[in-house]
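A short worksheet on the structure shown next.
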Amino acid sequence: MAEAVLDHADAHDAHDAHEGHVHKTNTGMSNNKLAMWVFLGSECLLFGGLISTYLLYRHNIQDGPGPSEEFFDIPFTSASSFVLLMSSLTMVLAHSAAERGDQKRLKIWLLSTALLGSVFVSGQIYEFTVFVREGLGWSTSPFSSAFYALTGFHGVHVTIGIIMLLSTFISTLRGRMHPGNAETVEIVGLYWHFVDIVWVFIFTVIYLAA
Amino acid sequence: MSEETLTAETTKGVSGGRPTHDEHGHITDFGYVKIFVILAVITAVEVVWSYVNVPSYVFIPILFLMMLVKFYLVAAEFMHLKYDIKLFSMLFVTGLVLAGGVYLIFLSASQIWQSF
Amino acid sequence: MLTNSFKVWGGYAIVAYVAAVIYGYSSGGDIVGPIALGYKGGVGDHVGYTILIGLSMCCMVIALMFTAFRDADPEMAASYMGSSSIPASQPPVGASMWPIAMALGLGTVILGLAVHPAVFAVGIAVLGIVALEWAMEAWADRATGDPVANRELRDRIMGPIELPLMAAIGVAVLALSMSRVLLAVSVAGSVIVASVVSVIIFGTATFMAIGPELNRKIVNSLLAFGLIAVVGAGIVSAVIGERDIEPHHEEHGEDHSDEESLIIVEFGS
Amino acid sequence: MAIIENPLELESGDVVRVAERPLGVLTRPSGNTGWQSWLFTVDHKRIGIMYGAFAMFFFLIGGLEALAIRLQLAVPNGKILSPETYNQVFTMHGVTMIFLVIMPLAAAFANYLLPLQLGARDVAFPRMNALSLWVFLAGGIFLCSSLFIGGWFENVPNGGWFNYAPNSGTLFSPTKGIDFYAIGLQILGIASLVSAINLIVTTLNMRAEGMSLMRMPVLSWMLLVVQFLLLFALPVITVALFLLMFDRLWGANFFNVEMGADPLLWQHLFWIFGHPEVYILILPSFGIISEVIPVFSRKPIFGYSFMVGSGIAIGFLGWGVWAHHMFVSGIGPISVAAFSVSTMMIAVPTGVKILNWVATMWGGRIQLTTAMLFAVGVVSMFTIGGLSGVTHAASAADTQQTDTYYIVAHFHYVIFGGALLGIFSGFYFWWPKMFGYKLNETWGKWNFWLQIVGFNLTFGPMHILGLQGMSRRIDSYDPGYGFELWNMVSSIGSFVIFAGVFIFLINVFVSKRQAEHLPPVGPDPWDARSLEWMTASPTPEHNFDTEIVIDSLDHFWHQKYGYDDDGNVVRIAYAEDVAHDGSATNVHLPSPSYWPIVLASGFPFVGYGLIYNYWLCAIGGFLIVGAIFGWVFEHPDDPDAAHGHHDDHGDDDGHDGHEVDEGTTENAEADLVTADSATDAGEASDG
């Protein structure tokens, strides 16, 4: 989680660039964007580790419920997945608006991405509460610990993403965002899409393949 | 809104100052919507597929294939990997391949595939 | 010499002390206890009494500090600057919403004492925020003679605190309200609610993006309406409570319905 | 907020503006003298030096722990440490030496040298660079504070540096020691990850014109490989540590065998990280000696591209060998065979490197300076360590050797004989560049010989002890097994090492005193090859006076030497003529910042909070989040220096007073912004 917080700082470093200057770099790409990609490369190993832990403990359910079609609420999780995919679309539209310098649509799409993200997070809170009521506590079994750790890590990533989005949105409202800083939006977007593809993976491997 | 007038004045200068971005010919907003529709359709098919009763050696590979297509579409189009420099793709793919490699070896060493 | 600021803050201290005594007495203490700070006899409701006495103490400390350091004392300022005349009054400050917010906070605290500890905690949090913001604004309004510069100063200090706080509170309020609604409705209903809400968000955004130019006021009231609707629905759902969720019996018939213990296990405390 | 900060409009009409900087925290700090210039610096050179200094401090702590171990084992049935304390001491020795000494010492060289060798003004994100330093220090202090928090040696990590499950669970380790381990390493991981991202971006994006990847010095290459290893290995240990923390603090079941958990999960995750970690420790040293050996052999490095390629190959192969640490844990015959083969393969690129160093020295005019002695020491000692390593790769032999002193001998030959000796070589080599004076050669040779003799005395006998069957991590042994002699030899050796390190510290002070009577060392005291020697010593704050355009590998050397008609090497210029004298004044540099140290200070609060009281987490979280947002909105430069609200007021607002106060002497240099220099250092201005 802490890394994600730090990359937040990265993403916003774009604020600091002198307006309008695009600095000469060896790759032709800005340091901030390159740093974000480097960071995302590292995140693959993080989620890989959590997913492997989950796969290792998938059937180790002790006395508690296990991963099965009747336990997971597939219709609801599918709706959640749609919400997150939709937020990816609004995110990319926000970036596109930022590149055109279209402040109005930038604000609209940023806010709607954050709102859709919040719907996803509320869905996760809902789902966790239902699971706990159904008897799957954090300490119930290695499966439950691994499941909550993996989806919880993802949820924390989403939440951090929403905070980044809202901060960007408020900065835009306050006029702190220079029109030339579309890159900040792009970098927040990279993070957001990454969180989305992690969910694409989790949804398939944990829910649908159960 | 004062920002908007400001925007209108500066937009030209801004896009002119960032030449690297326009050369790549980003897809349009409509293009993004089209990709989203494809993604949504694949997700719907995935969900329906998960209710179809087929043996797991058919079920799992097709499910994973659909997942990979979605994964690729988001990474290539929404994250612009297709349009950005190769280095970004290399960094990301290195992370993915390393993760896939070491964790698959680890899981194989732990003999978890028997449970599938 | 008693400065003006000492008189003001000393007055606040006395008022708060009297209020504490009255509150302590009226909430079930005897009369000596609240006056003697609980040295002899009971003080009634401890929490409320402690807060009011704490308020009194804080005011007293501030009053003493202002006397000791002669801060906010125009004569002292003039003599420090080596001028024979008293400085002119400060430029008038702008409207402030903090008094209202503070009243709200105080109301919430009192309500919380009566209703629920959680409401009380929210009230305390509001009061804390108000104290910080109000103090900063009061300082920033007088930092320089230039309101624009003052504004910028304030933003530079408070931005780093406000922004994440606002964002985090925003996410928390939305996610908690929404999840209450989802928990209150049926299984199928939760799917419908989640889908409909997200489609509304997306649809509204699309409409605003490609539709006609909307008046700023309309947009603001739309957003406000949406927020109130979600939070209101959340509160209503929280009051209604969760739907009945059966413990999942897979292999064993073991009973997991003891909710309290499950929550404890869940958060592992 | 005293009264003098309030503006006063006197009746005379004069506006008295005394609060030029109403709250100092809100402007970026300035000034490059005094303690503030170190605390808030974003200069990669100062950060590198501080990395080195803090690491040397931890080196002394770790060294004292090692001496305690050797005193305990010097004679049979040692009574100096109780078994419990012994566990804590060897765990802290390992953790300290790996995470708080070797890695930060490598980071010291990386920070100081990488931008210089690439011809850059600074790293890509100077503030993040400062952040990684302070987070490292915060993590180190957090980890070492376990020695005394809650009583002396009460809550110290005691599970060994690899801390196997299920021994690390609350059932078998009820003290808070393992919590300190899990959270402390997590904090250190953040520091390394930030640093890795920063240095990767620096290397990929900030090289001087003409500095293609294949013109980078070998050290830069090795550092790049190390940063990639860190980047990809750290998240793995992060996962493992999180799971451990969840188990211990909140009752999860990841390593709880009672609930059917698999203890091998920890071993896999730990070693997937742990084996790349071994290369993280050794590759910087390989890079250092690849710089030292050519300079003192008066020859270019032999097989540059093979040197680079083998470094990359080691980096990649290092990912496929982790289970050789687990041959006896029951992972199955196929896994054992596969990992046995892959482990043997990794000897190939390592062998290439050793042959290349030898070939570089072959036929050269060798100058046996202290730096060169240490470098040769690395080549020979690492070869011994590498050969004993190959014996572990053979799984049958490894089964015999696992958890004996043979293993201890092996990894000390690799880490002490490889990594640490290389770092000492680097100290002697780059000391004049960093501090402007050479270390004394006589003391240096004493330092070297004591260290190398002491090292072999200490760890050589451990091979024998291990093959005799003495298992590692036992706190005492009975007489009569034949362990007495070699343990005594080993303990004596450890004190010889201590004397050697002590002499190094003396040397630093002696040399500084002597240097006052010697002429300055000049930019290039060793007649060296890479770019860092092309600027004044000690390196000026702005590194290079002008931008350098590189046209070949060893660009600087080619500036000094050419070929005559017969193809012989002849000197064509003196270093002083080619090198920059560091006199440029109009260079725009990133301003210092308060936020990195504020942000880093939040982490120990979160750590203690997780262990003792969650309210501390709130304080830490507030510091971290507030600092992140403060950081994000921080102006790239001191806003009051160039622009800002004061401009609205016309000329009579007292702005001049500020200029007189702040802009007088040294930092006038840093504040001056000229149009063109703003762009060349501008990359550095963001972080």
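The values are calculated or read from the model by the stated rules, or taken from the named source; none is laboratory data. Quick caveat: nothing in here was measured; it's all calculated off a predicted structure. Glycine gets a Cβ as well: all are built from the backbone with ideal geometry, and neighbour counts include every protein chain shown. The accessibility values were calculated without ligands, DNA or RNA, using every heavy atom of the protein model including side chains. Shrake-Rupley method; radii C 1.70, N 1.55, O 1.52, S 1.80 Å.
Key figures
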{"item": "Simple label model, 7 Å out from Cα along Cβ direction - B:VAL48 to C:LEU37, nm", "result": "7.6 nm"}
{"item": "Per residue solvent-accessible surface (Å²) - the stretch A:109-159, probe of 1.4 Å", "result": "13 Å²"}
{"item": "Other protein chain Cβ atoms within 10 Å, averaged over every residue that makes up A:159-172", "result": "4"}
{"item": "Amide H contacts of D:THR404 (H built 1.01 Å from N, under 5 Å, at least 5 apart or other chain)", "result": "D:ARG472"}
{"item": "Total accessible area lost when B and A pair, probe 1.4 Å, Å² to nearest 100", "result": "5000 Å²"}
{"item": "Accessible area (Å², per residue) of the stretch C:159-244, counting only protein heavy atoms and a probe of 1.4 Å", "result": "53 Å²"}
{"item": "Mean Cβ count within 10 Å, highest first, over the residues of peptides D:528-539, B:94-105", "result": "D:528-539, B:94-105"}
{"item": "³J(HN,Hα) computed for each position of the stretch D:392-401 - Karplus, 6.51 cos²θ - 1.76 cosθ + 1.60, integer Hz, glycine/proline x", "result": "6, 5, 6, 5, 5, 5, 4, 4, 6, 8"}
{"item": "Shielding by partners, peptide D:195-205 (average Cβ within 10 angstrom, other chains)", "result": "6"}
{"item": "Residue (of D:TYR477, D:HIS542, D:PHE58) at the positive-pole extreme of chain D, dipole from beta-carbon charges", "result": "D:TYR477"}
{"item": "Furthest towards positive pole of dipole, A:GLY48, A:VAL198, A:PHE72, structure part chain A, Cβ charges", "result": "A:VAL198"}
{"item": "Reachable lysines from D:LYS353, criterion Cα separation under 26 angstrom, eight or more residues apart if same chain", "result": "D:LYS299, D:LYS445"}
{"item": "Length-normalised contact order of the stretch C:95-142 in % [C-alpha pairs under 8 Å, at least 6 apart]", "result": "35 percent"}
{"item": "Calculated from backbone phi, Karplus (6.51, -1.76, 1.60) coupling profile of the stretch C:163-176 in Hz, x at Gly/Pro", "result": "4, x, 5, 4, 4, 5, 4, x, 4, 4, 4, 5, 5, 5"}
{"item": "Under Karplus coefficients 6.51, -1.76 and 1.60, residue-wise ³J(HN,Hα) of the stretch D:232-249 in Hz, glycine/proline x", "result": "8, 8, 4, x, 5, 5, 4, 4, 4, 5, 4, 4, 4, 5, 4, 4, 6, 8"}
{"item": "Extended-chain gain in nm, criterion 0.36 nm per residue less alpha-carbon gap, D:ASN613 and D:ALA584", "result": "5.2 nm"}
{"item": "Chain D: angle of helix D:484-515 to the longest principal axis, Cα-based, in degrees nearest 10", "result": "20 degrees"}
{"item": "Size of electric dipole in the stretch D:226-309: Cβ of Lys, Arg +1 and of Asp, Glu -1, about Cα centre, debye, nearest 20", "result": "460 debye"}
{"item": "Tensor-based shape of the stretch D:306-518 (alpha-carbon gyration tensor, a/c under 1.5 rounded, otherwise prolate or oblate)", "result": "oblate"}
{"item": "Test item: D:619-626 mean partner chain Cβ contacts at 10 Å", "result": "3"}
{"item": "Selection from D:PRO83, D:ILE149, D:PHE109 lying farthest towards where the dipole of the stretch D:47-166 points positive, charges on Cβ", "result": "D:PHE109"}
{"item": "The stretch A:24-179, relative contact order [Cα under 8 Å, separation at least 6], %", "result": "30 percent"}
{"item": "Solvent-accessible area buried by pairing D with A, both sides, nearest 100 square angstrom, 1.4 angstrom probe", "result": "4300 Å²"}
{"item": "Whichever lysines have a C-alpha closer than 28 Å to that of B:LYS82, once near sequence neighbours (fewer than 8 apart) are set aside", "result": "A:LYS24, A:LYS33, A:LYS104, A:LYS107, B:LYS12, B:LYS34, B:LYS70"}
{"item": "Residues with amide H under 5 Å from that of A:TRP138, placed H, sequence gap 5 or more", "result": "C:GLU266"}
{"item": "Relative contact order (percent, whole number), the stretch A:79-159, Cα cutoff 8 Å, 6+ residue spacing", "result": "28 percent"}
{"item": "Overall form of the stretch D:469-513 per C-alpha gyration tensor (a/c, 1.5; a/b vs b/c)", "result": "prolate"}
{"item": "Surrounding net charge for A:ILE202, when Lys and Arg each add one and Asp and Glu each subtract one, Cβ distance under 14 Å", "result": "-2"}
{"item": "Amide hydrogen neighbours beyond the local backbone of D:ALA584, cut-off 5 Å, H modeled", "result": "none"}
{"item": "Cβ-Cβ FRET estimate between D:PHE148 and C:ALA19, R0 fixed at 51 Å, reported to 0.05", "result": "0.60"}
{"item": "Given charges at beta-carbon only (K, R positive; D, E negative), |dipole| of chain D in Debye", "result": "3880 debye"}
{"item": "Chain A, accessible surface, carbon-and-sulfur percent (1.4 angstrom probe)", "result": "61 percent"}
{"item": "Portion, in percent, of the accessible area of chain D that falls on carbon or sulfur, probe 1.4 Å", "result": "66 percent"}
{"item": "The stretch D:439-560, accessible area per residue, ligands and nucleic acids excluded (1.4 Å, Å²)", "result": "44 Å²"}
{"item": "Magnitude of the charge dipole, the stretch C:159-244, Cβ model with Lys/Arg +1 and Asp/Glu -1, debye to 20", "result": "140 debye"}
